[in-house]
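Dropping a structure here in structure tokens format, bear with me for questions.
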Amino acid sequence: MNAHSGTVVDPSLPIIDPHHHLWHGAAGRYMLDDLVADLSSGHDVRATVYIECGSFHRADGPEPLRPVGEVEFANGIAAIGASGRYGPARFCSSIVGFADLMLGAEVDRVLDGVVAAGNGRLKGVRHIAAHDPEVKQLAPVGTLRDERFRAGYARLAGYGLSFDAWLYHPQLGDLLSLAAAHPETPVVLNHAGGPIGMGSYAARRDEAFAEWRTALKALAALPNVYMKLGGFFMPVFGFGFEKASAIDPGELARAARPIVETCVELFGPQRCMFESNFPVTRDFLTYRDVWNCYKLAVADGTPAEKRSLFHDTARDFYAIPRE
């Protein structure tokens with residue numbers, strides 16, 4: 001089944017988008033007006049979760065505290081959404097900010113700052129750890145194994161905060177030991193746990209997929225670990241969609257289905273949530289077609305499974321108020 005331009009698949013299915021950004025800078029512009037337009041494109045998006053991306057950090061003041069500015073910004077956007085003046089969706093209803101966990105126990109002053117700036121909306125922290133010689137390296141090697149990082153991570157539980165993990169699949173073992181050591185801290189893997197399908201991994205795709213699956217199975221045995229499903233167009237997955245001028249949602253759904261089905265099999269729909277990853281995705285797919293892709297990928301699921309995958313898991317993980 002293909003979704004043609006203008007078509008909305010299963011428009012009555014409620015959605016919470018647990019992963020989007022807002023920015024204005026070198027990466028382009030995606031601000032409130034863009035988000036509102038996308039949320040109005042036909043799907044029943046009830047709320048969203050803002051995920052840190054280095055936007056609107058303070059221009060001055062102590063360096064470790066500058067990321068507090070991003071949470072202040074997101075909280076202001078959330079207040080605009082809560083007014084209802086821009087439609088029924090409660091955008092940025094929950095916020096995931098950044099605090100440099102490499103500060104170890106000294107990260108407390110940063111966590112104090114972002115929690116205060118969130119005014120009850122800050123639910124978690126993301127500190128990107130993605131590193132692999134064959135992929136864009138976003139973090140130093142061994143971040144999750146670093147004792148300073150682990151000391152900082154240990155502070156999250158005291159604040160009642162979760163951890164958003166963005167890494168590549170060869171690093172999943174590092175996350176396993178971290179999540180096992182701190183069962184009181186909920187963890188959610190971004191972008192299906194980063195299965196690499198490019199570079200030398202492309203030549204041994206089946207083997208790499210099996211490695212990713214084995215690592216996920218161990219993580220799924222920990223009840224505090226959850227999964228976000230999305231970002232499948234990105235070069236790291238190795239599908240080649242980033243080279244296309246346009247992507248058919250049905251074609252992307254077919255390519256992503258083995259990843260989606262594996263994650264749902266291992267974690268269950270109650271610990272999986274679909275994510276838009278906007279605006280990273282918008283150069284290839286509209287917001288409408290991103291959700292069309294996901295709906296097509298699980299077209300055979302039960303209504304209860306779809307409700308979890310598109311709404312309930314995200315609502316519960318990020319403590320979004322019930323409608």
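Quick one: in segment 124-134, of everything that is over 19 Å from Gly54 (Cβ atoms) and in contact (Cβ under 8 Å) with a residue 40 or more places away in the chain, which residue is farthest from the chain's Cα centre (by Cα)?
Here is the first cut: in segment 124-134, the ones over 19 Å from Gly54 (Cβ atoms) are 132-134.
Subsequent filtering for residues that are in contact (Cβ under 8 Å) with a residue 40 or more places away in the chain retains 132, 134.
On the way: Asp132: 19, Glu134: 22 Å.
By that ranking, first place goes to Glu134.
Then there's this: I'd like the full set of residues that are charged (D, E, K, R), outside any loop (DSSP other than H, G, I, E, B) and more than 25 Å from Gly230 (Cβ to Cβ), limited to segment 120-167. Working first, answer last.
Applying the first criterion (charged (D, E, K, R)) to segment 120-167 yields 121, 123, 126, 132, 134, 136, 145-148, 150, 155, 164.
With outside any loop (DSSP other than H, G, I, E, B) added as a condition, the list becomes 123, 126, 145, 147-148, 150, 164.
Matches in segment 120-167: Arg145, Glu147, Arg148, Arg150.
Now a separate question. Kindly indicate whether Ala157 is under 24 Å from Asp108 (Cβ atoms), modelled with pLDDT of 95 or more and either out of contact with any Phe, Trp or Tyr (no Cβ under 6 Å at 6 or more places or on another chain) or among the hydrophobic types (A, V, I, L, M, F, W, C) (or both).
yes
Collect the residues in segment 40-55 that are over 13 Å from Phe73 (Cα atoms), out of contact with any helix residue (DSSP H, G or I) (no Cβ under 6 Å at 6 or more places or on another chain) and surrounded by fewer than 24 Cβ atoms within 10 Å (Cβ to Cβ), keeping them in residue-number order. So that I can check it myself, show each step before the final result.
In the first step, residues of segment 40-55 are kept if they are over 13 Å from Phe73 (Cα atoms); the result is 40-49.
From the residues that got through so far, the ones that are out of contact with any helix residue (DSSP H, G or I) (no Cβ under 6 Å at 6 or more places or on another chain) too are 40, 44, 46-49.
Selection gives Ser40, Asp44, Arg46.
For segment 222-265, what are the residues that are of a type in the set (Lys, Arg) and buried (at least 20 other Cβ atoms within 10 Å of the Cβ)? Step through it out loud before you land on a result.
Pass one, segment 222-265, residues of a type in the set (Lys, Arg): 228, 243, 254, 257.
The one that is of a type in the set (Lys, Arg) and buried (at least 20 other Cβ atoms within 10 Å of the Cβ): Lys228.
Same structure, new question: Could you give every pair whose Cβ atoms fall below 9 Å, whose first residue belongs to segment 32-55 and is at positive phi, and whose second residue is polar (S, T, N, Q) and not in a helix (DSSP H, G or I), counting only separations of at least 6 or pairs across chains?
From segment 32-55, the pairs are Gly42/Thr7.
I need the full set of residues from segment 72-87 which are polar (S, T, N, Q) and touching a strand residue (DSSP E or B) at 6+ places or on another chain (Cβ under 8 Å), in order please. Spell out how you get there, then give the answer.
Filtering segment 72-87 down to residues polar (S, T, N, Q) leaves 75, 83.
Residue satisfying the conditions is Asn75 alone.
When you scan segment 16-31, how many residues do you find that are outside any loop (DSSP other than H, G, I, E, B) and either buried (at least 24 other Cβ atoms within 10 Å of the Cβ) or free of Cβ contacts under 8 Å to residues at least 12 places away in the same chain (or both)?
Going through segment 16-31 one residue at a time, the tally reaches 6.
Considering only segment 224-265, state which residues are among the β-branched types (Val, Ile, Thr) and either in a helix (DSSP H, G or I) or at pLDDT below 95 (or both).
Within segment 224-265, Val236, Ile247, Ile259, Val260, Thr262, Val264 qualify.
Could you list all residues from segment 168-206 that are more than 23 Å from Val260 (Cα to Cα) and not in a helix (DSSP H, G or I)?
Hits for segment 168-206 are His182, Pro183, Glu184, Thr185.
Scan segment 56-68 residue by residue and report those that are part of a helix (DSSP H, G or I) and crowded, with 20+ Cβ neighbours inside 10 Å.
Val68
Across segment 266-323, which residue is surrounded by the most Cβ atoms within 10 Å (Cβ to Cβ) among those that are of a type in the set (Phe, Trp, Tyr) and part of a strand (DSSP E or B)?
Residues of segment 266-323 of a type in the set (Phe, Trp, Tyr): 267, 274, 278, 284, 287, 291, 294, 310, 317-318.
Narrowing further to those that are part of a strand (DSSP E or B): 274, 278.
Numbers: Phe274: 28, Phe278: 23.
Checked segment 266-323; the qualifying residue surrounded by the most Cβ atoms within 10 Å (Cβ to Cβ) is Phe274.
Now a separate question. Within segment 148-160, restricting attention to residues that are in contact (Cβ under 8 Å) with a residue 24 or more places away in the chain and not aromatic (Phe, Trp, Tyr), which residue is nearest to Leu101 (Cα to Cα)?
Gly152
Conditions (1) farther than 30 Å from Ala208 by Cβ; (2) surrounded by fewer than 18 Cβ atoms within 10 Å (Cβ to Cβ), marked per residue:
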site	(1), (2)
Glu106	yes, yes
Ala117	yes, no
Ile128	no, yes
Lys136	no, yes
Val141	no, yes
Leu144	no, no
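The values are calculated or read from the model by the stated rules, or taken from the named source; none is laboratory data. Please read all numbers here as calculations on a predicted model, not as lab measurements. For neighbour counting, all protein chains shown are included, and Cβ atoms are generated from backbone atoms with ideal geometry for every residue, glycine included.
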